[in-house]
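The values are calculated or read from the model by the stated rules, or taken from the named source; none is laboratory data. It should be emphasised that the depicted structure is a prediction, and the values quoted were computed from it without experimental measurement. A quick note on method: Cβ atoms are made from the backbone with ideal geometry, for glycine too, and the neighbour counts reach across all protein chains shown. Side chains are part of the model used for accessible areas, which takes the heavy atoms of the whole protein and leaves out ligands, DNA and RNA. Shrake-Rupley method; radii C 1.70, N 1.55, O 1.52, S 1.80 Å.
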Amino acid sequence: QVQLVESGGGLVQPGGSLTLSCAASGSTFKNKPMTWYRQAPGKEREVVAFILSSGDSTYVDSVKGRFTISRDNAKNTVYLQINSPKPEDTALYYCNVRVKQTQYWGQGTQVTVSS
């Protein structure tokens with residue numbers, strides 16, 4: 001059974017940094033795109049970034065230059081490094097993978113940006 005477990009969230013000051021992790025299990029992930037989403041209170045879930053098996057990545061405009069997605073296929077883990085966070089980055093962050101036509105989600109990790 002596919003499982004995704006996010007960690008690394010917390011309270012961070014504007015201009016600080018934080019690294020989120022998503023550990024995957026239950027399938028082979030090295031050849032699958034992995035995606036980070038987020039959902040802020042009262043807003044719809046949005047894609048933050050995704051990374052292909054090749055390592056190529058794409059970001060939503062609002063985080064370009066500040067967030068970095070990466071993956072360690074040996075550890076079945078995808079990361080999201082958050083630099084220079086802003087209060088509007090406050091959200092519940094989820095990772096996502098599709099395996100055989102089924103979307104899988106973790107439970108999310110909360111990121112709160114506040115001074």
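Assorted remarks:
- Test for Val48: is it among the aliphatic types (A, V, I, L, M), more than 24 Å from Gln1 (Cα to Cα) and touching a Pro at 6+ places or on another chain (Cβ under 7 Å): no
- Scanning region 1-29 for residues that are at negative phi, of a type outside the set (A, V, I, L, M, F, W, C) and not in a loop (DSSP other than H, G, I, E, B), we see that the one that is least open to solvent (accessible area, probe 1.4 Å) is Glu6.
- Picking from residues in region 55-83 that are of a type in the set (A, V, I, L, M), out of contact with any Ser or Thr (no Cβ under 9 Å at 6 or more places or on another chain) and modelled with pLDDT of 95 or more, the one that is surrounded by the most Cβ atoms within 10 Å (Cβ to Cβ) is Val63.
- Qualifying residue in region 39-54 (condition: under 16 Å from Ala23 (Cα atoms) and either surrounded by 15 or more Cβ atoms within 10 Å (Cβ to Cβ) or in contact (Cβ under 8 Å) with a residue 24 or more places away in the chain (or both)): yes
- In the set Pro33, Pro87, only one residue is surrounded by fewer than 18 Cβ atoms within 10 Å (Cβ to Cβ) and in contact (Cβ under 8 Å) with a residue 40 or more places away in the chain; that residue is Pro87.
- Identification of strands (runs of 3 or more DSSP E) wholly contained in region 30-75 with 3 or more residues that are within 15 Å of the chain's Cα centre (by Cα) and under 20 Å from Gly9 (Cα atoms) yields 34-39, 46-51, 67-72.
- For region 90-115, filtering for residues that are open to solvent by 80 Å² or more (accessible area, probe 1.4 Å) and part of a strand (DSSP E or B) leaves 4.
- Considering only residues in region 79-94 that are of a type outside the set (S, T, N, Q) and in contact with a Leu (Cβ under 9 Å, 6 or more places away or on another chain), the one that is farthest from Cys22 (Cα to Cα) turns out to be Pro85.
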